[in-house]
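I have placed the structure first, in the form of structure tokens, so that the comments after it can refer back to it.
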Amino acid sequence: MNESIKEFLLEKNGICNFCNDFDRKKNFYGNFTRDQEEKNLSALKKKLDDNFNVNKKYNCLIGLSGGADSSYVVYLAWKLKLKPLIIHMDNGWNSKISNQNINKILEKTGFDYQTLILDWEEFKDLQVSFLKAGVPDIELLTDHAIFAYILN
């Protein structure tokens, strides 16, 4: 069986476009030192402090799924003494470990937390419809629900 990806290209150097793109991104994102990370985080804190009244209860929103990435972002916010409102959108696919992680990080940080629990039957029907229609981005439903929740 001969399958190919239509976006696949061999570039002048004989290496595929996906590999070259990865190397460019790796070189950009992978070269940050701990000092550079600290400078970036300090700049972010200053920007939030400068743009939001210090008397406001929150200066940012952070989505928390219970996975490693979002949990680490919440940890960094706690370390920086930010004032986030933590939000979580439960679309019915939470795992036991993600729920445990959410509880642990909220207990540690003491941050305020809000969650939106979607109607499982309705959400499941929409996901099945997306699958049957061949929509490539199945997470579009979750993304729209999160965005609508944030706006509300």
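The values are calculated or read from the model by the stated rules, or taken from the named source; none is laboratory data. This structure is a prediction, so every number in the text was calculated from the model and none was measured. Ideal geometry is used to build each Cβ from the backbone, glycine not excepted, and the neighbour counts take in all protein chains shown. With ligands, DNA and RNA removed, areas are computed over all heavy atoms of the protein, side chains included. Shrake-Rupley method; radii C 1.70, N 1.55, O 1.52, S 1.80 Å.
Please name all residue pairs, on different chains or six or more residues apart, with Cβ atoms under 9 Å, provided the first residue is in the stretch 57-70 and is farther than 18 Å from residue 41 by Cβ and surrounded by fewer than 13 Cβ atoms within 10 Å (Cβ to Cβ) and the second residue is of a type in the set (D, E, K, R) and modelled with pLDDT under 95.
57/83
If you check 131, 126, which single one turns out to be open to solvent by 50 Å² or more (accessible area, probe 1.4 Å) and touching a helix residue (DSSP H, G or I) at 6+ places or on another chain (Cβ under 7 Å)? First the steps, then the outcome.
Working: 131 fails: touching a helix residue (DSSP H, G or I) at 6+ places or on another chain (Cβ under 7 Å).
Going through 131, 126 in turn, just one is open to solvent by 50 Å² or more (accessible area, probe 1.4 Å) and touching a helix residue (DSSP H, G or I) at 6+ places or on another chain (Cβ under 7 Å): 126.
Can you name the condition, by its number, that residue 15 falls short on among (1) surrounded by 16 or more Cβ atoms within 10 Å (Cβ to Cβ); (2) β-branched (Val, Ile, Thr); (3) farther than 26 Å from residue 145 by Cβ?
For residue 15, the exception is condition (1).
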